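Encoded as structure tokens, the structure appears first; notes follow it.
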Amino acid sequence: MSQQLRIGGASGFWGDASAATPQLLAAGGLDFIVYDYLAEITMAILARARVKDPKAGYATDFVTSAMASNLREIAVQGVRIVSNAGGMNPLACAEALREEIKKQGLSLKVAVVTGDDLLDRAEEIAEAAPQEMFSGSALPPVKKIASINAYLGGFPIAAALDRGADIVITGRCVDSAVTLGAAIHHFGWVPNDLDAMAGASLAGHILECGPQATGGNFTDWRLVAENLAEIGYPIADLRSDGSFEVSKPQGSGGLVSRGSVGEQMLYEIGDPQAYLLPDVACDFSQVTLEEVGPDRVLVAGARGLGVPDSYKTCLTWADGFRSGHVFTFYGLDAEEKAQHFAETVLERCRATLKRMQAPDYADVSVELIGTESQFGAMRNSGPSREVAAKIAVRHADARAVGLFLKEAVGLGLATPPGLSGFAGARPKPSPVLALFSYLTPKNQVAVRLLDEAGELQCPAFKGAAVVDAPHPDLPITPKAEKMVEVPLVDLAWARSGDKGDIANIGVMARDPALMPWIWAGLTPEHLQKVFGHFCDGEIQRFYLPGSVAMNILLHGALGGGGTSSLRNDPQAKGYGQLLLAAPIPVDADLWAKLRGTA
């Protein structure tokens, strides 16, 4: 057994660039290439596709783009592939791939991991009446349920590799499991190798979003602007203790640095001392990031706290319809005109609904893009002369949404002056597949492996019970004789994302000396000022001394979450940018010293 395992991450979402696979194959020397295609929104899309066509419901471009043109080189190099492209229909995905392999005259073995799909047990689950794990709400009616999927782990993937699979396709597993499964197979880990598995899971988390670890969505984007078109996809050199080095193919664009890797580490991890996965509960609070060479960062210090006894399970259900449209205004008083137009459209629609004795819209959203509407109380621009008015509605009845679309366009000749827009097809009402997350005991999920050798049951392994990690000491509140307000972007890197209706913002100090000031400045009061127009729930803060960082959770901040929200940014992708733009007070002398102006 080699003491190192080299894995390339080729996909971060369904639709990622097709250049990733040939780039990583050209780099050479890889043991595995892993692909993550699935997000909560993606699962909702795939669920709708499977309803229309029983052979659909998987990420088709995994077969047609990532694999088809690269299978021969994969076979020549002996690189093994692990992907969750199976989505809602992993057997159909595997069948399509086997047909392509046969067409090319190759002999690559394909294995499939199934068991995550629990839809046929909807009645049984309804009787158990699980509560939504974040909001505590009740299970929706069975007749409205579209999909139910448990998030599986890495051991079934490892079992498939142990049996000789060249390519492993799964349905819904946690994003990092495609990497962890390869590591379990390679190093021969068992369930109580907790720290090692936590480290490999973190490696999987770094790889799972592709170039977000190598300069994509990076705070310091200007550092990679010139070569962004040739950005490199991430590679992890994993060691048997779970530590690893992150790099990218030589000569590729982008950047691997403490900042770029640190941003991805913090991305959507929630409580960093309770990052719960099927195979291990992780504590990332003491993880360190060290630049050990050009475009090379050593990541170490992840801890495993035990093995959870449940799978996170996500259910999607039909929760009415939604749609929206964007109308542009420009010229004098454009902002005021756009706002008045939006109010007029909604007033007219509501009057019609009232005459029909129909209920009001369940939710409406008006956002004037170009007026700093996303900044809320932190707006510092004057009235805009060029505005995009995004208006969206949600209703239980598709006809009410259709009414809005008809009336909004129909008022085109009765608006204030300055209405314009690029002509295109009128949008239609689209079904809302809302998300309901809960926990399923592992012994209630039958995981199966299917390959050329037949079928294998993969019962969940039991491991040590999950324990709570001691919380780190928080930064000591600093004092200074003279203060200066500095935009957070000058003090830190930040990246944001979502988990359901919770926004997640990770912030990492550029210099350790700044962290006490960052912690002292990013108080719940300050965060409420920046995000109060979005957030109506609890605000949580977590400290990570190992990486000199903090993580922020804004509950109830996304209008219901990405699968059902009407917001312009339902996944909080820009929330980090809002926070970075807001200044906080720091020690003037320290700031002058760090800038070299003291």
Hey, any hits in the range 542-553 for a residue that's out of contact with any helix residue (DSSP H, G or I) (no Cβ under 9 Å at 6 or more places or on another chain) and within 28 Å of residue 45 (Cα to Cα)? yes
List, please: which pairs have Cβ atoms under 9 Å, are six or more places apart or on different chains, and start with a residue in the range 15-30 that is without any contact (Cβ under 8 Å) to a residue 12 or more places away in the chain and end with one that is basic (Lys, Arg) and part of a helix (DSSP H, G or I)? none
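Conditions (1) in contact with a Gly (Cβ under 7 Å, 6 or more places away or on another chain); (2) not charged (D, E, K, R), marked per residue:
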{"position": "399", "(1), (2)": "no, no"}
{"position": "404", "(1), (2)": "no, yes"}
{"position": "420", "(1), (2)": "no, yes"}
{"position": "428", "(1), (2)": "no, no"}
{"position": "448", "(1), (2)": "yes, no"}
What residue, of 318, 302, 334, 274, is open to solvent by 30 Å² or more (accessible area, probe 1.4 Å) and modelled with pLDDT of 95 or more? 274
Pick out the one residue from 132, 124 that is over 27 Å from the mean Cα position of the chain (by Cα) and of a type outside the set (Val, Ile, Thr). 124
Does residue 241 fit the bill of being charged (D, E, K, R) and closer than 20 Å to residue 497 by Cα? no
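For residues that are in contact (Cβ under 8 Å) with a residue 40 or more places away in the chain and outside any helix (DSSP H, G or I), tally how many sit in the range 207-256.
In the first step, residues of the range 207-256 are kept if they are in contact (Cβ under 8 Å) with a residue 40 or more places away in the chain; the result is 207-215, 217-220, 232-250, 252, 254-256.
When the remaining residues are screened for being outside any helix (DSSP H, G or I), the result is 208-209, 214-215, 217-220, 232-250, 252, 254-256.
Result for the range 207-256: 31.
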Here are the criteria: (1) open to solvent by less than 60 Å² (accessible area, probe 1.4 Å); (2) over 18 Å from residue 182 (Cβ atoms). Tell me which single one residue 76 does not satisfy. (1)
So which residues in the range 426-480 are hydroxyl-bearing (Ser, Thr, Tyr) and under 25 Å from residue 48 (Cα atoms)? 430, 437, 438, 440
I'd like to check which strands (runs of 3 or more DSSP E) are fully inside the range 257-361 and have at least 2 residues that are aromatic (Phe, Trp, Tyr). 310-330
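Taking the range 374-394 only, how many residues are in a helix (DSSP H, G or I) and either touching a Phe, Trp or Tyr at 6+ places or on another chain (Cβ under 8 Å) or surrounded by 19 or more Cβ atoms within 10 Å (Cβ to Cβ) (or both)?
If we filter the range 374-394 for residues that are in a helix (DSSP H, G or I), which is where we start, we get 374-378.
Checking the rest, the ones that are also either touching a Phe, Trp or Tyr at 6+ places or on another chain (Cβ under 8 Å) or surrounded by 19 or more Cβ atoms within 10 Å (Cβ to Cβ) (or both) come to 374, 376.
Count: 2.
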Among (1) under 20 Å from residue 235 (Cα atoms); (2) touching a residue at least 40 places away in the same chain (Cβ under 8 Å); (3) surrounded by fewer than 18 Cβ atoms within 10 Å (Cβ to Cβ), the one test that residue 51 misses: (1)
May I ask you to list the residues in the range 277-295 that are open to solvent by less than 20 Å² (accessible area, probe 1.4 Å) and within 19 Å of residue 543 (Cα to Cα)? 281, 282, 283, 284, 285, 287
Check whether at least one residue in the range 401-421 is crowded, with 17+ Cβ neighbours inside 10 Å, part of a strand (DSSP E or B) and in contact (Cβ under 8 Å) with a residue 24 or more places away in the chain, and report yes or no. yes
Counted residues in the range 302-356 being within 34 Å of the chain's Cα centre (by Cα) and not hydrophobic (A, V, I, L, M, F, W, C) come to 20
Determine which single condition residue 194 fails, assuming it passes every other condition in (1) open to solvent by 20 Å² or more (accessible area, probe 1.4 Å); (2) closer than 24 Å to residue 15 by Cα. (2)
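Taking the condition of being part of a helix (DSSP H, G or I), of a type outside the set (Asp, Glu) and in contact (Cβ under 8 Å) with a residue 24 or more places away in the chain, how many residues in the range 91-120 meet it? Spell out the reasoning first.
Filtering the range 91-120 down to residues part of a helix (DSSP H, G or I) leaves 91-103, 119-120.
Now restrict to residues that are of a type outside the set (Asp, Glu): 91-94, 96-98, 101-103, 119.
The next check asks that each one be in contact (Cβ under 8 Å) with a residue 24 or more places away in the chain; those that pass are 91-94, 96-97, 101, 119.
The total comes to 8.
Can you give me the number of residues within the range 121-140 that are open to solvent by 40 Å² or more (accessible area, probe 1.4 Å) and either free of Cβ contacts under 8 Å to residues at least 24 places away in the same chain or of a type in the set (Gly, Ala, Ser) (or both)? Quick ask: steps written out before the conclusion?
Going through the range 121-140, the residues open to solvent by 40 Å² or more (accessible area, probe 1.4 Å) turn out to be 121, 123-124, 127-129, 131, 133-135, 137-138.
Subsequent filtering for residues that are either free of Cβ contacts under 8 Å to residues at least 24 places away in the same chain or of a type in the set (Gly, Ala, Ser) (or both) retains 123-124, 127-129, 135, 137-138.
The number of residues fulfilling the criteria is 8.
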Matching residues in the range 437-461 - criterion: being touching a Lys or Arg at 6+ places or on another chain (Cβ under 8 Å), open to solvent by 30 Å² or more (accessible area, probe 1.4 Å), part of a strand (DSSP E or B) and among the hydrophobic types (A, V, I, L, M, F, W, C): 439, 456
Any chance residue 182 is within 24 Å of residue 433 (Cβ to Cβ) and not charged (D, E, K, R): no
Lone unmet requirement of (1) of a type in the set (Val, Ile, Thr); (2) more than 28 Å from residue 558 (Cβ to Cβ); (3) modelled with pLDDT of 95 or more for residue 476: (3)
Of the conditions (1) outside any loop (DSSP other than H, G, I, E, B); (2) modelled with pLDDT of 90 or more; (3) open to solvent by 40 Å² or more (accessible area, probe 1.4 Å); (4) over 30 Å from residue 132 (Cα atoms), residue 431 clears all except one; give me its number. (4)
If you take the residues of the range 141-171 that are in contact with a strand residue (DSSP E or B) (Cβ under 7 Å, 6 or more places away or on another chain) and either aromatic (Phe, Trp, Tyr) or open to solvent by 10 Å² or more (accessible area, probe 1.4 Å) (or both), which of them is modelled with the lowest pLDDT? 146
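The values are calculated or read from the model by the stated rules, or taken from the named source; none is laboratory data. Remember, it's a predicted structure, so these values are computed and weren't measured experimentally. Heads up, the Cβs are rebuilt from the backbone with ideal geometry, glycines too, and the neighbour counts pull from every protein chain shown. These accessible areas exclude ligands, DNA and RNA; they are computed on the full protein's heavy atoms, side chains included. Shrake-Rupley method; radii C 1.70, N 1.55, O 1.52, S 1.80 Å.
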